[in-house]
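The values are calculated or read from the model by the stated rules, or taken from the named source; none is laboratory data. Predicted model only: the values in this text are computed from it and were never measured. Every residue, glycine as well, gets a Cβ built from its backbone with ideal geometry; the counts of neighbours run over all protein chains shown.
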Amino acid sequence: MNTLIAASVLSADFSRLAEEILRLKAADIIHLDLMDGHFVPNLSFGYPLVSCIRGLTKQPLDAHLMVTNPQDYVDNLAALGVGWISFHQETVYHSHRLIQQIKAHGIKAGIALNPATPINTLDSILPDLDYVLVMSVNPGYSAQAFIPWSMPKIMELDRIRKNQGLEFLIEVDGGVNGDNCLALIEAKADILVSASYIFGSKDYTKSINTLKGL
């Protein structure tokens, strides 16, 4: 599988949202960072903006729930046409139940790992996951620097899925840019999330193609 690029609209100019989305045609996925100001020290956007984005593109929408009550978001996001949902396991008591709630809507289900969260916390749930979201920055803000020890975590996840015959995808979010994208692809990351690198450039398509290693 070729590496997929998920463009995070967190860094988009919301005053020109339709134009911004139109310039993301080269992206494979539109990434939505939903923050509640509680689990992370920032607020982003809610259902009205998700609905607006859904009306502007047919690209898959990937919702990353950085919230303390992710189970309350699933049904509404499903109704809005979101195709991927990930949450942080620190926010729920029963990860397996929430994974099944997400999958019941026909949505791909993932768990996000903060930089300080070890992989082995997922040992009992990995077979149920469609993807693991490796946070390579501490969640909450865009334009942070990539945390180097995220790379061994990505490589270890790839080793585990090969050894266990699992098919979950590895998504990486935080500090992804033209300088580290090839190393991330080499480490077997399947999906690269990028915000400021794309939206801070003059040519979004060129930046996205760079991230793909083209």
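Kindly indicate the residue of the range 1-17 that is farther than 11 Å from residue 44 by Cβ, touching a residue at least 60 places away in the same chain (Cβ under 8 Å) and out of contact with any helix residue (DSSP H, G or I) (no Cβ under 7 Å at 6 or more places or on another chain) and also surrounded by the most Cβ atoms within 10 Å (Cβ to Cβ) among those meeting that condition. Taking the candidates together, the pick is 6.
Taking the stated definitions as given, is residue 213 modelled with pLDDT under 95 and over 22 Å from residue 44 (Cβ atoms)?
yes
Hey, can you tell me all the residues within the range 61-82 that are touching an Asp or Glu at 6+ places or on another chain (Cβ under 9 Å) and either loosely packed, with under 15 Cβ neighbours inside 10 Å or over 24 Å from residue 28 (Cα atoms) (or both)?
If the condition is that a residue be touching an Asp or Glu at 6+ places or on another chain (Cβ under 9 Å) and either loosely packed, with under 15 Cβ neighbours inside 10 Å or over 24 Å from residue 28 (Cα atoms) (or both), then 67, 68, 69 are the ones that fit.
In this entry, residue 75 is excluded by the filter for residues that are touching a strand residue (DSSP E or B) at 6+ places or on another chain (Cβ under 9 Å) and either at pLDDT 95 or above or of a type in the set (Gly, Ala, Ser) (or both). Set side by side, the residues 190, 130, 203, 158 differ, and just one is at pLDDT 95 or above, under 25 Å from residue 14 (Cβ atoms) and among the acidic types (Asp, Glu), which is 203.
For every residue, the table says whether it meets (1) out of contact with any Gly (no Cβ under 9 Å at 6 or more places or on another chain); (2) among the β-branched types (Val, Ile, Thr).
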site: 9; (1), (2): yes, yes
site: 15; (1), (2): yes, no
site: 26; (1), (2): yes, no
site: 30; (1), (2): yes, yes
site: 36; (1), (2): yes, no
site: 40; (1), (2): no, yes
site: 46; (1), (2): yes, no
site: 50; (1), (2): no, yes
site: 53; (1), (2): yes, yes
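Residues that are part of a helix (DSSP H, G or I) and under 16 Å from the mean Cα position of the chain (by Cα) within the range 174-197 comprise 181, 184, 185, 196, 197, listed in sequence order.
Taking first residues from the range 154-175 that are farther than 16 Å from residue 125 by Cα and partners that are in a strand (DSSP E or B) and not aliphatic (A, V, I, L, M), the Cβ contacts under 6 Å between residues at least 6 apart in sequence or on separate chains come to 171/131.
Scanning the range 144-173 for residues that are surrounded by fewer than 15 Cβ atoms within 10 Å (Cβ to Cβ) and in a loop (DSSP other than H, G, I, E, B) gives 145, 148, 149, 165, 166, 167.
In the range 1-47, how many are closer than 25 Å to residue 79 by Cβ and in a helix (DSSP H, G or I)? Residues that pass the stated criteria total 9. Residues in the range 10-24 that are modelled with pLDDT under 95 and touching a strand residue (DSSP E or B) at 6+ places or on another chain (Cβ under 7 Å): 10 alone.
So residue 125 passes all but one of these: (1) over 26 Å from residue 23 (Cβ atoms); (2) surrounded by fewer than 15 Cβ atoms within 10 Å (Cβ to Cβ). Which condition number does it fail? So the condition that residue 125 fails would be (2).
Checked against (1) touching a helix residue (DSSP H, G or I) at 6+ places or on another chain (Cβ under 7 Å); (2) buried (at least 18 other Cβ atoms within 10 Å of the Cβ); (3) among the hydrophobic types (A, V, I, L, M, F, W, C); (4) outside any strand (DSSP E or B), residue 85 meets all criteria but (4).
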